[in-house]
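This report refers to the structure that appears directly beneath it.
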Amino acid sequence: MEDVKKELKMGELKREILRNSLEQTNAQVSSILLFTLQWKELEDHFDLIQRSIEKRLDAVGFRETEVETRMRIVSEREEEFDLKESELSLLSKKIEECNAEIKFKKEEIDLMQKLLEDCSSELKSKSEELDSIGVGFIRV
């Protein structure tokens with residue numbers, strides 16, 4: 001009977017050890033499951049961040065292309081402006097030359113008018129002189 005009591009105590013002790021092992025295993029399984037869930041949440045979070053960064057990179061790339069296009073347009077317009085400025089400068093010089101030529105021609109015309117008036121006056125004077133001495137000439 002003592003053997004049976006020993007066997008019963010031994011069985012109880014083994015059962016207790018096995019129960020403790022089971023509880024430890026359950027605790028570890030819970031920890032592993034919790035870790036797995038947390039890991040999955042972390043991966044989801046990083047995936048979300050990565051997609052967000054990729055979207056922002058796409059937006060930055062689009063804006064960069066847009067800025068490059070605008071810079072190219074500004075550069076082209078600047079070249080056009082410089083060309084127009086050069087053309088305007090040349091036209092301004094031509095206008096100054098034309099104004100100087102007009103002034104010169106006006107002075108020539110004024111001089112010619114003065115000469116014409118002098119000649120006309122002299123002609124009138126000579127004509128009057130001829131009329132006064134009795135010699136007339138036929139005017140056409």
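Name the residue, out of GLY61, GLY11, that is surrounded by 10 or more Cβ atoms within 10 Å (Cβ to Cβ), at pLDDT below 95 and of a type in the set (Gly, Ala, Ser). Lay out the reasoning, then the answer.
Details: GLY61 fails: at pLDDT below 95.
The unique qualifying residue is GLY11.
Among the β-branched types (Val, Ile, Thr) and at pLDDT 90 or above, is that true of ILE53?
Details: among the β-branched types (Val, Ile, Thr): yes; at pLDDT 90 or above: yes.
So ILE53 passes the test.
The values are calculated or read from the model by the stated rules, or taken from the named source; none is laboratory data. In this text the structure is predicted, and so the values were computed from the model without any measurement. Quick reminder, even Gly has a Cβ in these numbers, built from the backbone with ideal geometry, and neighbours come from all protein chains shown.
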